[in-house]
Every structure is written in structure tokens, then in C-alpha cells.
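A.B. asks: Got a structure for you, written out below as C-alpha cells; questions coming shortly.
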Amino acid sequence: MVKVRLFARLRDLAGRPEFDLELSRPIPLKGLWGQLNHEMPQIMDWVKEKRVLIAVNQEMATDETLIHDGDEIGLMPPFSGGASLDPADRSGPAGIKNRDSSAEGWTRIQMEDFSLEDELRRIKAVSNRIGGVAVFIGTARDFSKGHPVSRLPYEHYPGLAEKTLAEIRQRALQRFKIIEACILHRTGEIPIGGNIVLVLTVAEHRADALEACRWCIDELKAITPIWKKETTPEGDVWIEERP
């Protein structure tokens, strides 16, 4: 038996967040599509059209990924930031194998608001060599794509989203001449005008901090399994974008 989890629009289409599929022996992921078509034909249409990202045990997968009894399969619509739907284009959370044990607390998914002052104080205490701090804060606006927005709920894939943020941070530390990076994203309903996401990067020089900060937020929006739903006068709309 394998558990299939559905998120955002796919969960709404199916009318339930998860279901089980029978598995008698290990098979490639594509071997389950017949059962999925029988169980949820409306979801299988999305799979056939390559409009779905797939994770197995919270690692990005392909049709050839071997599935075993007890595995968890996550079926995800495009992320709200705009994800590539070709697993070969993005290593995603499988890209870093040796995870940084010092990352605890520097990347978080949380419902409560964050304090810019507290996070700045904490990251500046890391080193006396910091000469530049770059800050990005994303906030909830009341207008999007030509429509007023009255509510803005967010949801994420628990576990996979946290793992992805941690590995974005580690890749930033490897790729740029920065001292530390902090990446926070809120989930749940965000009030209009409220904070959504915070990225802080610190370096000896401002150019390095600024370059890394921009890269972190762009990467977050591209590969992190987070979805938002906007309530507009026309109804609720899941925001799913492609690059």
C-alpha cells in the first residue's frame, strides 16, 4: 500500500487530501498510473498533461522512480512562484546530500509573523566581519492580476517545503561569498498588508549580500512547494504560474 497526498488545486479536484493505492511488488512510478486513472481520472488528466510535480518520500521523482510498499507519493500542482515541471531541470530538495547541521533556525515555515528586528539582530551576531546586509520582505497586497484581493491563504507540503528552504540556504552559502543566510516563509492565512516571506543575507561586501539575496528569493519561488489562494470578487483562485 502506498499513500498518495494531494495539495492545493489537486486536493480540491479530488475532494480529499489523500488516498491509498494497492502495491503488490516494487514498480516504477508510472506503473501506478492505471490505478490512479481508475481512482481519480480527473487527477490523471493533469499527470498526462505534465501539469503535476511528483515527490516520492519527499524527494522529487520521475516516472522511472521505483515505488515500494509504504512509500508516500506527493502530487503537486505548479507552485505559486512558478516551478519548472521537468524534474530534469531542477534538482530541488535532492540537490544537496550533505545537510548542514548548523542550519537549524535559519530556515523556517511558520504561521506566526516574524520580527525583522529580531532576525537582523540574530544574523548580525554571527560575525564581526559583516559589512553588508541585504533584506527582502514579501508582503500581501490587496490587488493582483487586475482584481481586488480580500483573502490570501497559503499552504505548503510539510517536511518537503522545510527541506527545500534549508537546501536553498546551503546552496547559497556554497555559491556566493556570504557569511550567513536566513529564509523564512509564513503559511496559513496572511492578512492584507502582512508579511509573507523574509530573506536576509550577510557578507563582508554589499554586492555579495545583494546578489545572494536575490538568488535566494528567486530560487524559493521556483522550487519550494508553497501555494497561495486569492479570494477575489470572481471567487477563490489558486495561483499557479510557470516560468
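A.B. asks: Can you send over the solvent-accessible area of residue 79, 1.4 Å probe, protein chains only, in Å² to the nearest 10?
C.D. replies: Only protein atoms counted, so the area is about 10 Å².
A.B. asks: Using 0.36 nm per residue of separation minus the Cα-Cα distance, give me the extension gain between residue 145 and residue 38 in nm, one decimal. Please report the intermediate quantities before stating the final value.
C.D. replies: On the way: separation 107, 0.36 × 107 = 38.52 nm, distance 3.64 nm.
Length gained, residue 145 through residue 38: 34.9 nm.
A.B. asks: Continuing with the same structure: Using the Karplus equation 6.51 cos²θ - 1.76 cosθ + 1.60 (θ = phi - 60°), what ³J(HN,Hα) coupling, rounded to whole Hz, does each residue of the range 46-61 give in order, writing x for Gly and Pro?
C.D. replies: In residue order, the calculated couplings are 5, 4, 4, 7, 6, 9, 10, 9, 10, 10, 10, 6, 6, 10, 4, 10 Hz.
A.B. asks: Can you give the translational diffusion coefficient of the range 120-169 in µm²/s, computed by Stokes-Einstein from the Kirkwood radius over Cα pairs at 37 °C and 0.692 mPa s? Write down the numbers at each step before the final one.
C.D. replies: On the way: Rh = 14.9 Å.
Once the numbers are plugged in, D ends up at 221 µm²/s.
A.B. asks: Taking every pair of alpha-carbon atoms in the range 196-242, what share in percent sits in each 5 Å bin, from 0 to the bin with the longest distance?
C.D. replies: 5, 17, 20, 16, 14, 12, 8, 5, 3, 1
A.B. asks: While we're here: Which whole-number percent is the relative contact order of the chain (Cα, under 8 Å, 6+ apart)? Don't jump to the answer; show the numbers that get you there.
C.D. replies: Details: 492 pairs, mean separation 57.2, N = 243.
After rounding, I find 24 percent.
A.B. asks: Also, quick follow-up: Specify the residue with the greatest mean-square fluctuation among 169, 206, 25, computed from a Gaussian network of the chain linking alpha-carbon atoms under 10 Å apart.
C.D. replies: Between 169, 206, 25, it is 25 that shows the largest mean-square fluctuation.
A.B. asks: Once each part is reduced to its C-alpha centroid, what is the distance from the range 124-186 to the range 207-243 in angstrom?
C.D. replies: When both Cα centres are located, 10 Å separates them.
A.B. asks: For the charge dipole of the chain, defined by +1 on Lys and Arg C-beta atoms and -1 on Asp and Glu C-beta atoms about the Cα centroid, which residue among 139, 156, 67 has the Cα displaced farthest towards the positive pole?
C.D. replies: Projecting each Cα onto the dipole axis, the largest value belongs to 139.
A.B. asks: Leaving out ligands and nucleic acids, note down the accessible area per residue over the chain with a 1.4 angstrom probe, in whole Å².
C.D. replies: Numbers: 12000 Å² over 243 residues.
For the chain, the solvent-accessible area averages 49 Å² per residue.
A.B. asks: Tell me the carbon and sulfur percent of the accessible area for the range 191-243, rounded to whole percent, probe radius 1.4 Å.
C.D. replies: Working: 1200 of 2440 Å².
Of all accessible area on the range 191-243, carbon and sulfur atoms account for 49 percent.
A.B. asks: Follow-up. How far, in degrees from 0 to 90, does helix 206-223 lean away from the longest principal axis of the Cα atoms of the chain, to the nearest 10?
C.D. replies: 10
A.B. asks: Counting only helical runs of four or more DSSP H residues, what would the 222 nm mean residue ellipticity of the chain come to if each run contributes -39,500 (n - 2.57) and the total is spread over all its residues?
C.D. replies: Working: 6 runs with 65 residues, N = 243.
Value at 222 nm, helices only: -8000 deg cm²/dmol.
A.B. asks: How long are the semi-axes of the ellipsoid equivalent to the chain, from square roots of 5 times the Cα gyration tensor eigenvalues, in whole Å, largest first? Let's see the in-between values first.
C.D. replies: Numbers: eigenvalues 226, 103, 38 Å².
Working from the Cα gyration tensor, I get semi-axes of 34, 23, 14 Å.
A.B. asks: About the Cα centre of the range 21-72, what is the dipole size in debye to 20, counting +1 per Lys and Arg Cβ and -1 per Asp and Glu Cβ, all else neutral? Don't skip to the answer; put the middle values down first.
C.D. replies: Numbers: 5 positive and 10 negative charges, 43 e Å.
Approximately 200 debye in magnitude.
The values are calculated or read from the model by the stated rules, or taken from the named source; none is laboratory data. For clarity, every value in this text was computed on a predicted model and none was experimentally measured. A quick note on method: Cβ atoms are made from the backbone with ideal geometry, for glycine too, and the neighbour counts reach across all protein chains shown. When the accessible area is computed, the model is the full protein with side chains, heavy atoms only, and any ligands, DNA or RNA have been set aside. Shrake-Rupley method; radii C 1.70, N 1.55, O 1.52, S 1.80 Å.
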